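The values are calculated or read from the model by the stated rules, or taken from the named source; none is laboratory data. The structure displayed is predicted, hence computed values, not measured ones. Glycine gets a Cβ as well: all are built from the backbone with ideal geometry, and neighbour counts include every protein chain shown.
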Amino acid sequence: MSTKSRLVAVLVTALLAVAACGGGGTTGTGASSAGTAPSGEFPAKVEHKYGTTEIKSAPRRVVTLGLSDQEPALALGVKPVGVVDWFKERPYGNWPWSKSLWGDTQPEIVGERDEYNLEKVAALKPDLILAVYSGMKREQYDTLSKIAPVVAQPKRFPDYGAPWQEQTLHVGAALGQKAKAQELIDGVAKRFADVRQAHRRWAGKTMVVADSFKPGQYSAFAPTDPKAIFMKELGFTLVDEIGRIAGQANVAEFSEERFDLLEADRLVWLMFDQSAWDRVRSVPAYQRLKVVTGKRDLFLTYSDPPIGAAMSFNTVLSVPYGIDQVVPLLEKISD
């Protein structure tokens with residue numbers, strides 16, 4: 001056995017000892033309602049970046065290590081006992097679109113992004129670990145697999161690159177609920193189709209989704225970014241030049257000299273607060289844009305209400321919330 005393998009073995013042994021001493025209930029404010037796993041088809045096998053994982057029976061204590069994996073799990077009736085932190089103001093993703101599904105349950109925070117607290121994971125005694133929307137490394141996978149079956153990120157996509165549909169299917173397969181997962185996906189697809197049917201005039205209209213974090217610096221989201229894809233699903237046409245400028249990145253960055261990139265039939269800004277929106281609108285070059293003089297620009301906030309967050313979180317639960325919030329606002333923009 002190599003030195004590295006011995007170290008991993010020692011670590012896992014220590015972690016399992018912690019779990020044995022920690023009891024099977026809650027840790028801290030962890031969920032105590034585990035053990036109510038919905039029925040599914042088992043055994044289930046899921047292929048992923050690091051191989052194939054078999055889940056022999058319905059998991060009752062699920063830990064999610066992907067940034068938003070808790071949401072497809074919740075949609076399928078499973079409340080994770082442990083999750084990772086992303087938005088610190090909402091440490092376990094307790095957004096409006098998932099609040100009712102969490103209820104009084106508050107899972108244990110077991111890490112942040114791809115930094116996992118292995119002791120906390122082991123202490124929760126999971127019988128399934130999900131790391132679908134993640135950047136999990138092979139060494140982390142091997143170590144965690146000694147604690148419980150691990151379903152890592154889909155192998156057909158780059159890390160954090162799986163669309164919400166694939167994430168939902170991947171989680172659904174691990175929970176033995178492929179059919180239910182597909183049903184949820186089809187339901188959201190119908191929501192988009194209904195919007196396109198009701199707003200046929202949007203077909204062929206160009207759309208740019210932009211952001212600005214500081215004065216003089218602007219970004220337009222590439223056609224591969226979830227927020228741009230969201231607008232495409234509503235029926236709009238994305239601007240190819242933005243994708244060319246962005247290259248492999250998810251945004252095209254530019255200065256005021258390239259405000260021409262914002263000229264489209266519709267322009268939507270995603271920002272954190274009203275002051276950022278007021279700052280952009282005060283720029284003379286911006287005021288001269290046709291999309292602005294035609295009153296076809298729109299400001300959306302990431303919070304209060306969290307429309308931008310819903311589009312960024314990009315899950316089977318957040319996307320319908322985004323549709324409900326965005327469509328009425330787009331309807332108010334003049335042609």
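Taking residues in the range 304-321 that are surrounded by fewer than 24 Cβ atoms within 10 Å (Cβ to Cβ), and partners anywhere that are basic (K, R), the pairs with Cβ atoms closer than 7 Å and at least 6 places apart or on different chains are S312/K227; P320/R191.
Taking Q153 as the residue in question, decide whether it is assigned to a helix (DSSP H, G or I), touching an Asp or Glu at 6+ places or on another chain (Cβ under 9 Å) and surrounded by 15 or more Cβ atoms within 10 Å (Cβ to Cβ). Full working, then the answer.
Values: assigned to a helix (DSSP H, G or I): no; touching an Asp or Glu at 6+ places or on another chain (Cβ under 9 Å): yes; surrounded by 15 or more Cβ atoms within 10 Å (Cβ to Cβ): yes.
No, not satisfied.
Of all residues in the range 171-189, those being surrounded by 21 or more Cβ atoms within 10 Å (Cβ to Cβ) and of a type outside the set (A, V, I, L, M, F, W, C) number 3.
Residues are listed down the side, and each one gets a yes or a no for (1) under 14 Å from the mean Cα position of the chain (by Cα); (2) within 29 Å of N250 (Cβ to Cβ); (3) assigned by TED's automatic domain parsing to the domain that holds H48; (4) not charged (D, E, K, R):
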residue: W86; (1), (2), (3), (4): yes, yes, yes, yes
residue: W97; (1), (2), (3), (4): yes, yes, yes, yes
residue: S100; (1), (2), (3), (4): no, no, yes, yes
residue: L128; (1), (2), (3), (4): no, no, yes, yes
residue: Y133; (1), (2), (3), (4): yes, yes, yes, yes
residue: S145; (1), (2), (3), (4): no, no, yes, yes
residue: F157; (1), (2), (3), (4): no, yes, yes, yes
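Residue under question is T27, and the condition is that it be touching a strand residue (DSSP E or B) at 6+ places or on another chain (Cβ under 9 Å), at pLDDT below 75 and part of a loop (DSSP other than H, G, I, E, B); does it hold? Against the criterion (touching a strand residue (DSSP E or B) at 6+ places or on another chain (Cβ under 9 Å), at pLDDT below 75 and part of a loop (DSSP other than H, G, I, E, B)), T27 qualifies. Contact annotation: residue pairs with Cβ atoms under 7 Å, 6 or more positions apart or on different chains, pairing a residue in the range 278-292 that is more than 19 Å from K214 (Cβ to Cβ) with a partner that is outside any helix (DSSP H, G or I), are L289/E263; K290/E263; V291/E263; V291/A264; V291/L267; V291/D297.
Rundown of residues vs (1) surrounded by fewer than 16 Cβ atoms within 10 Å (Cβ to Cβ); (2) of a type in the set (A, V, I, L, M, F, W, C), yes/no style:
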{"site": "G235", "(1), (2)": "no, no"}
{"site": "E253", "(1), (2)": "yes, no"}
{"site": "R258", "(1), (2)": "yes, no"}
{"site": "D265", "(1), (2)": "no, no"}
{"site": "L270", "(1), (2)": "no, yes"}
{"site": "V280", "(1), (2)": "no, yes"}
{"site": "P284", "(1), (2)": "yes, no"}
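The residue that is surrounded by the most Cβ atoms within 10 Å (Cβ to Cβ), among those in the range 44-82 that are of a type in the set (S, T, Y) and touching a Lys or Arg at 6+ places or on another chain (Cβ under 8 Å), is T53. Apart from one condition, A189 fits all of (1) within 29 Å of Y116 (Cα to Cα); (2) under 18 Å from the mean Cα position of the chain (by Cα); the exception is (1).
Of the residues contained in the range 178-198, none is found to be of a type outside the set (D, E), part of a loop (DSSP other than H, G, I, E, B) and not assigned by TED's automatic domain parsing to the domain that holds A58.
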